[in-house]
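The structure appears below as structure tokens.
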Amino acid sequence: MKKLIFSALCLIFLGCVSQQKYTISPQFSAFRSEKLVLLPFENRTVDLSAQEILRKMVHRRFTEKGYSLLSIEETDEKLRSIGITDGGQLNSAQTDKLEKLFGKGMFCYGIVEDFMLQNVGFVVRKKVALSLKISSSSGEILFEASGEGRDLKIFTDREKAKKAFVTQTAVKLVQNILKTPLLRESEIAVEKIFSKIP
């Protein structure tokens, strides 16, 4: 039984180890001073708040790094004028349409790939995965990276597992009320990306 548990833990650990790959175009610095439009993120998760939470974090980090950004509200209002209300619809919008709407500059696209809390008694697993892509208004990809924030707790003692289940359920409820679910994991995922952005 101990060998089985050890093997399972090894597999989980190996699944948690991942290389954070990224791409920066040599042309990025030429666009650095231009306006950046942070577009709505595509949300591939079941959590409807994930896109909004991560987009606000990313907007704040771009502002802290000194980028010139439109507000999220102004961006969304302009997109609604051409019928786009969701990040998943951006694939249908050609870059020339976006350039006509926002002018020359950079466009940041995002995909929320994972935003989950699994609380199954003996295992509490949290994971946030986000990908960002920045392109010029002509469509050239200037930057691309992904970031993940994870937390995994395994309880072998029945009493500790019960306590963890109740505690994590309460934490999830409070975070949902405050609209800050998976805050720590989200911050880690965003920071992994921003550690690569010039």
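Listed values, structure above:
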| read-out | value |
| --- | --- |
| Of LYS56/LYS104; LYS35/LYS192; LYS56/LYS97; LYS97/LYS126, pairs whose Cα-Cα distance is over 29 Å | LYS97/LYS126 |
| Efficiency of FRET between GLN94 and LYS163 - r from beta-carbon atoms, R0 41 angstrom, step 0.05 | 0.15 |
| Theoretical FRET efficiency, 1/(1+(r/R0)^6), r = Cβ-Cβ of VAL120 and THR45, R0 25 Å, to 0.05 | 0.85 |
| Nearby aspartates and glutamates by direct alpha-carbon distance to LYS78 (threshold 19 angstrom, same-chain neighbours under 8 apart not counted) | GLU34, GLU42, GLU52, ASP86, ASP96, GLU99 |
| The range 111-158: relative contact order in percent, alpha carbon pairs under 8 Å with at least 6 residues between | 36 percent |
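Read the figures in this text as sums done on the coordinates, not as results from a lab. A quick note: this is a predicted structure, and the numbers were derived from the prediction, not measured. Quick reminder, even Gly has a Cβ in these numbers, built from the backbone with ideal geometry, and neighbours come from all protein chains shown.
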